[in-house]
1. How much accessible area does ASP626 have with a 1.4 Å probe, in Å² rounded to the nearest 10?
2. Any idea of VAL390's accessible area? Nearest 10 Å², probe 1.4 Å.
3. Using Cα centres only, tell me the gap between region 127-154 and region 633-664 in whole Å.
4. Given all pairs of different Cα atoms, what value in angstroms does the Kirkwood hydrodynamic radius of region 148-268 take?
5. How would ARG544, ARG632, ARG374 rank on accessible area, largest to smallest, probe 1.4 Å?
6. Take MET434, MET616 and sort them by solvent-accessible surface of the protein heavy atoms, 1.4 Å probe, largest at the top.
7. Ignoring everything but the protein chains, give the 1.4 Å probe accessible area of ILE33 in square angstrom, nearest 10.
8. Roughly how large, in nm² to one decimal, is the mean projection of the convex hull of the alpha-carbon atoms in region 306-357?
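The values are calculated or read from the model by the stated rules, or taken from the named source; none is laboratory data. As the structure is a computational prediction, the values presented were derived from the model and not from experiment. The area values use the complete protein model at the heavy-atom level, side chains included, leaving out ligands, DNA and RNA. Shrake-Rupley method; radii C 1.70, N 1.55, O 1.52, S 1.80 Å.
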Amino acid sequence: MVETRPFGSLNNDTCLTTRRANATKISNVYEGIPETILLNVICWVILILLFAILRNRAWDYGRLALVHTEKWTQLFYKNTDDAVAVEESSADVSLIPDTGCMWFPSIFKISRERIFIRCGADASHYLSFQEQLLLLMTTITIFALCVILPINFQGTLQGDKTTFGHTTVSNLDPNSNWLWVHVVASFCFVPLTVLIMRKCSGRIPSATALTSRTIMITHISHAHRNAEDIKNYFTVRYPEIEIKDIQIAYRVKKLTKLEKQREITLEAKMYCILNHKPDLKVQTRGCIVCCPWKTKNALEYYTQEEAQLRDLVVAERRKVLENPLGIAFLTLSSEESAHHVINSFTPGSHRHWLITKAPSPADINWENLEISYRNWYSKAILINVILFLVLFFLTTPVMVVNIFNTLTSAQETFIRNLSPMLSDFLPTLLFLSMSALMPVLVAYSDEWMSHWTKSKQNHATMHKTFFFLLFMVLILPSLGLTSAQAFVLWSLETGNLSLHWECVFLADKGAFFVNYVITSALIGTALELLRFPELAMYVFRLLRIKSEAEKTSIRKEILSEFPFGIHYAWSLLIFTISTVYSLTCPLITPFGLLYLCLKHFVDKYNIYYVYRPITMCGEGQQIHADAVRMVRVAILLLQLIMAAFSFIRGALSLMSSISFICFIVSVAFFFFLSPFPSCRPVPANISNLPEISEQYTAPVLLSSQNIEQGDECVISSPSSYGSSNINDIGVRLMSEIGSSVA
């Protein structure tokens with residue numbers, strides 16, 4: 001016989017969730033939230049001061065520098081006219097001066113127009129999305145604190161006013177009419193969300209003049225992989241259309257690897273020359289730090305290596321040009337002509353060709369184009385299955401926290417005696433750390449999948465990261481479970497279902513999520529400013545270099561593009577957690593709003609000053625549109641929780657029935673009527689689109705062409721290193737580095 005208990009009689013250890021101490025250490029109120037706020041504020045102040053000190057020491061914080069003599073603080077926290085990685089072409093694009101202590105007010109001076117001009121349309125879309133999310137969260141917060149919180153205080157089921165449960169919906173009697181306010185509010189959030197989020201997309205053209213009139217042709221057979229054959233077909237099929245250019249794609253993966261090695265070797269050789277270090281030593285077999293013996297002369301070694309790699313690059317380039325891929329880029333005279341060809345061409349009607357709108361050249365991962373559709377899908381299935389098994393069953397955040405909590409002997413005798421308050425704070429911090437590690441694994445897995453474009457890679461990363469974190473950070477802990485395996489067992493188990501379902505609404509769950517959002521808002525955003533992971537990667541790469549001469553190439557590798565997929569997922573996750581618990585636990589909403597505010601300013605600063613611009617025009621619009629649509633997940637989960645809560649506490653009553661009906665109506669409204677916009681910009685006249693110097697040719701083919709033609713400085717022997725040549729060599733080297741990064 002199943003044991004029955006009155007609702008609310010379970011304690012926090014009954015369910016499989018993170019356990020806290022029996023008593024708080026500052027004040028015995030609100031389940032340790034005051035301690036979490038205090039510790040987070042202290043850590044946040046320390047981290048911000050550390051950032052300010054590092055930044056002021058480096059004078060001017062900006063995009064990563066590529067200067068040979070920079071210290072690590074200057075490399076990460078400095079931007080000067082001679083160290084900007086991205087060339088500034090006009091005053092409209094230049095950085096806002098932020099020397100001294102002016103870096104903080106400079107965040108508020110960066111307008112959306114300046115972001116668009118300097119960082120591109122994708123950055124403008126992302127920050128616009130955050131602004132509308134902030135507006136929506138502000139509205140929900142005001143309603144939750146001014147309406148829902150006073151209503152929750154009307155109950156008497158969860159202690160007194162010093163008890164956290166007293167602020168939650170569990171404090172109200174199951175038959176209370178006040179619960180109707182929660183049900184009606186959950187339904188009213190639907191039109192509110194649509195009204196606000198429809199304005200998220202800046203109506204700014206995101207294509208360039210070249211991209212807007214270029215089409216991509218795939219599945220070209222071996223017999224027709226030449227420009228003349230393709231041109232003849234389109235000339236006959238579309239005689240009224242003028243063809244401006246045809247470019248064929250090639251297998252450049254190996255060539256890219258060789259060219260990268262050659263550039264590293266060339267930069268190391270130039271380092272020896274420009275810094276007058278002819279006696280510098282190199283460890284040819286690996287790390288110079290670990291093995292300082294059996295070294296060679298660096299200048300001679302890099303000269304020989306560069307000559308060998310030059311020959312290999314030239315030979316590989318000739319081999320590449322003889323084996324084109326079944327992909328071509330056809331540039332027409334106008335955007336209308338490109339749309340006409342795409343709409344009128346029937347897939348498979350001619351030689352099984354497939355014609356689509358071409359992505360931006362900067363968006364294409366050229367070395368991945370040689371991965372066929374069949375191989376790509378096989379690789380994607382294998383990687384995603386492994387990722388699913390590892391993340392869902394072995395490394396969930398709650399599981400790691402519970403493993404930490406089970407080490408009671410070490411915790412009791414060391415950590416708790418060292419700092420009782422810290423012992424209560426560590427589980428939340430550990431939970432946040434594990435949650436931050438998992439998107440990195442997802443991002444690396446998507447990189448291994450070899451997506452054709454950066455926009456598709458970011459798009460896949462956003463979806464997988466968001467839904468995985470949603471399941472691991474919100475859904476499983478809300479059900480009182482530690483892993484997907486426990487979820488499966490819980491679903492199949494038939495005994496004591498009432499106990500399991502009561503875990504869903506245990507009052508402490510809200511306190512745990514409040515602590516998690518507080519930690520994400522303060523410590524999480526401060527760490528994004530300091531960029532410790534990038535600094536750690538820089539140190540790791542420095543420890544593996546063969547000689548000091550390779551430091552320049554290591555600094556060049558640090559310069560990265562803003563990972564929109566991961567940051568979209570994080571913003572959506574915290575918004576979803578705050579929204580889902582906004583009615584059952586209204587105290588979470590101000591901290592969710594705090595997170596979105598700090599996250600917005602930190603991302604704006606990093607996008608403008610730190611990361612390299614990324615172009616995802618065309619296909620890239622899909623990630624922005626889907627981010628807006630994913631906001632509906634928070635509203636639907638909120639309604640589902642209110643419906644389930646009403647059913648569990650009041651059985652099949654009028655309130656629970658209406659709640660489920662509202663949920664079904666909302667699902668139908670969101671998924672069948674599609675009220676959100678597509679985030680696509682309004683059609684623009686092609687004459688108004690920016691003319692950017694770009695072409696549909698892999699950059700490695702252009703750089704290797706210069707090598708083959710001998711259009712590059714070549715130094716034959718150390719004896720020719722005269723002082724008269726050093727300045728010319730330095731100028732050409734810096735020009736080459738700048739052009740390869742821009």
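1. Using a 1.4 Å probe on the heavy atoms, I get roughly 20 Å².
2. Roll a 1.4 Å probe over it and VAL390 shows about 60 Å².
3. Taking the Cα centre of each part, region 127-154 and region 633-664 sit 20 Å apart.
4. Values: mean 1/r = 0.0444 Å⁻¹.
Kirkwood hydrodynamic radius for region 148-268: 22.5 Å.
5. Numbers: ARG544 150, ARG632 45, ARG374 190 Å².
Final ranking, largest accessible area leading: ARG374, ARG544, ARG632.
6. Values: MET434 35, MET616 0 Å².
Ranked from most to least accessible, the order is MET434, MET616.
7. Counting only protein heavy atoms, the figure is 10 Å².
8. On the way: hull surface 22.3 nm².
If I average the Cα hull's projected area over directions, I get 5.6 nm².
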